[in-house]
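Everything on this sheet refers to the single structure shown next.
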Amino acid sequence: MKVQNELGDKIATVFRVLGISQYSLLRQQTYLATHPCYGSCVVKFAFTLTTKQQLNTEAVFLHNHNELCWPKYIDYGSTMGMDWLIIEFFDTLCVSMRNFNIVERQKVTKSAEQALHTLHRKGYIHGDIKPSNLIVTLYHEVRLIDLGSIVPIESDYKFCTPSSLTPKFCALNPYLRVGYASPQHDFFSLAVSLQTMWKAHPFGDLSLLDFAKTNGKPEIDDLFSRYQILISKQIKHAKLSTYPHL
């Protein structure tokens, strides 16, 4: 509790240094704030070595690559040993996507695919695609956030700096840290994310590897066929990894 209080005091001090008096917590170490020059924005903080490395990765990428499908870079720095990044804020859809009709689902899917294609053309995969990192705007357009886990395409996972990933949305190779970074790994995570957004997690909140061990049937009926095929192939791959003599 003492550490949390000290952290809160540091964050409050950083906001004062930045001239920001209005802010509210969005999620862990991430705040919605009103900047005196830029208006509504998002301020992210990092205080451990790992999170500082991820924040630096995101800051450098956003500074070098300005696109509509992820937040604009505003400012980046360090105060009192705490690193911070200020980025664009997106208005998000506040209704459940489980009631989306087929046209709305198609629009969200297409927009998410376009965002990933744009990222992949820059030479990177996102590395941690999940529902909370897919911002759906009021116009059903998808924006990618939390780009601190990006990995250069064709990088050998075993030599990559460990990044944050979410096992229940992760393809097999990045989960096991074997093989090479591929755009297909992002699209697998997108498929799992979309099924979760439309109805429920296809593996009952298990990781792909753990689900493969159950020999259960995934819940993927709400996905377009190309994503059903992608998930089925990954399950087969995971089963072969678990039971190599099948």
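The values are calculated or read from the model by the stated rules, or taken from the named source; none is laboratory data. These figures come from a predicted structure and were not determined experimentally. All Cβ positions, glycine included, derive from the backbone under ideal geometry; neighbour counts span all protein chains shown. These area figures cover heavy atoms from the full protein model, side chains too; ligands, DNA and RNA do not enter into them. Shrake-Rupley method; radii C 1.70, N 1.55, O 1.52, S 1.80 Å.
Calculate what fraction, in whole %, of the accessible area of the chain sits on carbon and sulfur atoms when a 1.4 Å probe is rolled over the protein chains.
On the way: 6790 of 12650 Å².
C and S atoms contribute 54 percent here.
So if R0 is 41 Å, what FRET efficiency would Thr118 and Asp9 give, r being the distance between their Cβ atoms, rounded to the nearest 0.05?
0.55
Could you state the angle between the C-alpha long axis of helix 49-64 and the longest principal axis of the C-alpha atoms of the chain, as a value from 0 to 90 degrees rounded to the nearest 10?
90
Could you tell me how many degrees, from 0 to 90 and to the nearest 10, lie between the Cα long axis of helix 102-121 and the main elongation axis, the longest principal axis, of the Cα atoms of the chain?
With both axes taken from Cα atoms, the answer is about 70 degrees.
Treat every Asp and Glu Cβ in the chain as -1 and every Lys and Arg Cβ as +1, leave all other atoms uncharged, and give the resulting dipole magnitude about the Cα centre to the nearest 20 debye. All intermediate terms of the calculation are to be shown ahead of the outcome.
Numbers: 25 positive and 21 negative charges, 103 e Å.
So the magnitude is around 500 debye.
At a Cα cut-off below 17 Å, give the lysines reachable from Lys130, other chains included and same-chain residues fewer than 8 away excluded.
Within the straight-line limit of under 17 Å, Lys130 reaches these lysines: Lys110, Lys168, Lys199.
Rounded to the nearest 500, what is the chain's calculated 222 nm mean residue ellipticity when only DSSP H runs of at least 4 contribute -39500 (n - 2.57) each, over all residues? Please list the in-between numbers first.
Numbers: 7 runs with 98 residues, N = 246.
Rounded to the nearest 500, the figure is -13000 deg cm²/dmol.
What relative contact order, as a whole-number percentage, does segment 165-246 give when Cα pairs under 8 Å and 6 or more residues apart are counted?
32
Tally Lys and Arg at +1 and Asp and Glu at -1 over the other residues with C-beta under 11 Å from the C-beta of Ser132: what net charge comes out?
That works out to 0.
Expected output is a single nm value to one decimal: the length gained when fully extending between Val103 and Leu240, i.e. 0.36 nm times separation in residues minus the C-alpha distance. What is it? Walk me through the numbers on the way to the answer.
Numbers: separation 137, 0.36 × 137 = 49.32 nm, distance 3.66 nm.
The span from Val103 to Leu240 would gain 45.7 nm if fully extended.
Using only alpha carbon pairs under 8 Å that are at least six residues apart, calculate the relative contact order of segment 37-138 and give it in whole percent.
Relative contact order for segment 37-138 comes out at 27 percent.
Compute the Kirkwood hydrodynamic radius of segment 74-148, taking the inverse of the mean of 1/r over all pairs of distinct Cα atoms, and give it in Å to one decimal.
Averaging 1/r across every pair of different Cα atoms and inverting gives 14.1 Å.
For a Förster distance of 35 Å, can you work out the FRET efficiency between the beta-carbons of Lys110 and Tyr38, rounded to the nearest 0.05?
It comes out at approximately 0.70.
Would you mind calculating the relative contact order of the chain from Cα pairs under 8 angstrom and at least 6 residues apart, reporting the percent as a whole number? Working shown, then result.
Values: 373 pairs, mean separation 33.1, N = 246.
Computed over the chain, the figure is 13 percent.
How far is helix 183-198 tilted, in degrees, relative to the longest principal axis of the Cα atoms in the chain, given as a value from 0 to 90 rounded to the nearest 10?
Approximately 90 degrees, to the nearest ten.
Give me the 1.4 Å probe accessible area per residue for segment 37-156, excluding ligands and nucleic acids, in Å².
Normalised by residue count, the accessible surface of segment 37-156 is 48 Å².
For q values of 0.11, 0.12, 0.13, 0.17 Å⁻¹, compute log₁₀ I(q)/I(0) with the Debye formula on a Cα-only model of segment 99-239, without solvent.
Debye curve over Cα of segment 99-239, log10 I(q)/I(0) at q = 0.11, 0.12, 0.13, 0.17 Å⁻¹: -0.37, -0.44, -0.52, -0.90.
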